[in-house]
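The values are calculated or read from the model by the stated rules, or taken from the named source; none is laboratory data. Since we're looking at a predicted model, the values are computed, not measured. Positions of Cβ are backbone-derived with ideal geometry, glycine not excepted, and every protein chain shown enters the neighbour counts. These area figures cover heavy atoms from the full protein model, side chains too; ligands, DNA and RNA do not enter into them. Shrake-Rupley method; radii C 1.70, N 1.55, O 1.52, S 1.80 Å.
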Amino acid sequence: MSILCGCCPLLECVYCLGCARWGYKRCLYTAGHDSEDWGLATTDEFEPVPRFCRYILAVYEDDIRNPLWEPPEGYGINPDWLLLKKTYEDTQGRAPAYILYLDHVHQDIVVAIRGLNLAKESDYAMLLDNKLGERKFDGGYVHNGLVKSAGYVLDEECKVLKELVKKYPSYTLTFAGHSLGSGVATMLALLVVRHPERLGNIDRKRVRCFAIAPARCMSLNLAVRYADVINSVILQDDFLPRTATPLEDIFKSVFCLPCLLCIRCMKDTCVPEQKMLKDPRRLYAPGRMYHIVERKPCRLGRYPPVVKTAVPVDGRFEHIVLSCNATSDHAIIWIEREAQRALNLMMEKEKKMEIPEKQRMERQESLAREHNLEYRAALRRAVTLDVPHAESMASEYGTFDKAQEDQTEEEEETEEEEEEEKEETDLIAPMVGESSSSSSVRPTYRKKRNRRVSWDELIEHLFERDESGNLTFEKSDLPQ
């Protein structure tokens, strides 16, 4: 009895210290920390996001020809190109409402799915239809209720989508959704990529998904592996991508919220992140991440939004942010508005820079290479952190084929070196004369082309210093 009396106060003290530490960390933690080391998104890759947000908003309209909730920019939808619209009555609660839109302007076949309907029990049932580690898929785990809903949509629209994909071979196939719909859209993309024969052996590169305010619906190895297909868009402090507690447990514990917070507190305090990463059943937000940051810590008001992007492995929105905007940042209306603001700022910046069309096209090609390298680096990182099934997922796509990888990297480096040499030669030619442009760079400099040469080294090879210390052209390089 005396032992129990002595242990209880000790346990209470430990628990209180743990809660105090958790609250302290949460109060100091801001959403900007999640993406502070990420790179900036470009205009070309982020351009579709506001457009797909508006397509998703259009699903809420009863009559697209007479809209009631149209945003200032409009939905951007031609009613004649809207092929079908399915309501909750049509799906009988097996899937959220969605539309199929044939976008001839952007050469895209779009399936847009609305978010959670708070008035529909079927949506809650879909979220609750999952247990930790219940549904395996392609070497990982997915949310059971969401993948069943995606399977229903694919079965219903398989014939139409197959005909459209065959009729328009140059069009992409895009699945876009918000909140609950983002999970269904993500599962649709997984099913189509995994079983391309259902849509006439569609190429993986033609399939893409935009998950707006995504739910955590797949294990980490799948989230990284499908980063070349799936893109997640998150606005600042949005709570849903950060909610590591299974959604079914949240709804089941809604009448005992203190108990849920206590469990969450103890898990965050006592379970290290490395151990969480090694749990193959743990679900994460999918694919490549785009984080819209518009507020700064300890400052009031909104700032011009900045979009960061990466394919993270560890630190993948693991911490909930204690913010009064955690729920409002989840709203599709706010996401569309801030995404459009961010895109407008990107376009204004590019307009001021007056980037030539040729350089713009070259930038698009280099962006694709950068994404590919970042994608492969994320897969390597997953193996380094001992993420379950990471090695098996790499072998299927040849990502860790050492010979092939080294050859690809050597080819990319050779191409970059040739481009740099051409640019430097073009720069030197006007100064030293056309006749000497091929011989102006001395052999010692050319031998160093197998490595990255700095600007200072280039200057040393092209110029010499006189007695006063000023730089002058070498006599051997001057035209006769």
How about region 117-151: which of its residues are among the aliphatic types (A, V, I, L, M), touching a helix residue (DSSP H, G or I) at 6+ places or on another chain (Cβ under 7 Å) and more than 18 Å from Pro286 (Cα to Cα)? Met126, Leu128
Just a yes or no: is a residue in region 28-45 at pLDDT 85 or above, part of a helix (DSSP H, G or I) and closer than 19 Å to Ala211 by Cβ? yes
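Looking at this structure, is Ala378 at pLDDT 65 or above, under 19 Å from the mean Cα position of the chain (by Cα) and open to solvent by less than 50 Å² (accessible area, probe 1.4 Å)? Explain how you work it out, then say what you get.
Numbers: at pLDDT 65 or above: yes; under 19 Å from the mean Cα position of the chain (by Cα): yes; open to solvent by less than 50 Å² (accessible area, probe 1.4 Å): yes.
Yes; evaluated as a whole, the condition is true for this residue.
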Would you check if there is a residue in region 170-181 being open to solvent by 20 Å² or more (accessible area, probe 1.4 Å), more than 20 Å from the chain's Cα centre (by Cα) and without any contact (Cβ under 8 Å) to a residue 40 or more places away in the chain? no
In the set Leu164, Leu222, Leu191, the lone residue that is touching a Gly at 6+ places or on another chain (Cβ under 7 Å), open to solvent by 10 Å² or more (accessible area, probe 1.4 Å), of a type in the set (A, V, I, L, M) and in contact (Cβ under 8 Å) with a residue 40 or more places away in the chain is Leu191
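Need at least 1 residues that are at pLDDT 95 or above per element, so show me which helices (runs of 4 or more DSSP H) inside region 119-198 make the cut, counting only ones lying wholly within it.
Details: elements: 121-128, 144-167, 180-194.
Filter on region 119-198 gives 144-167, 180-194.
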Given Gly139, Gly200, which one is surrounded by fewer than 21 Cβ atoms within 10 Å (Cβ to Cβ), over 19 Å from the mean Cα position of the chain (by Cα) and in contact (Cβ under 8 Å) with a residue 40 or more places away in the chain? Gly139
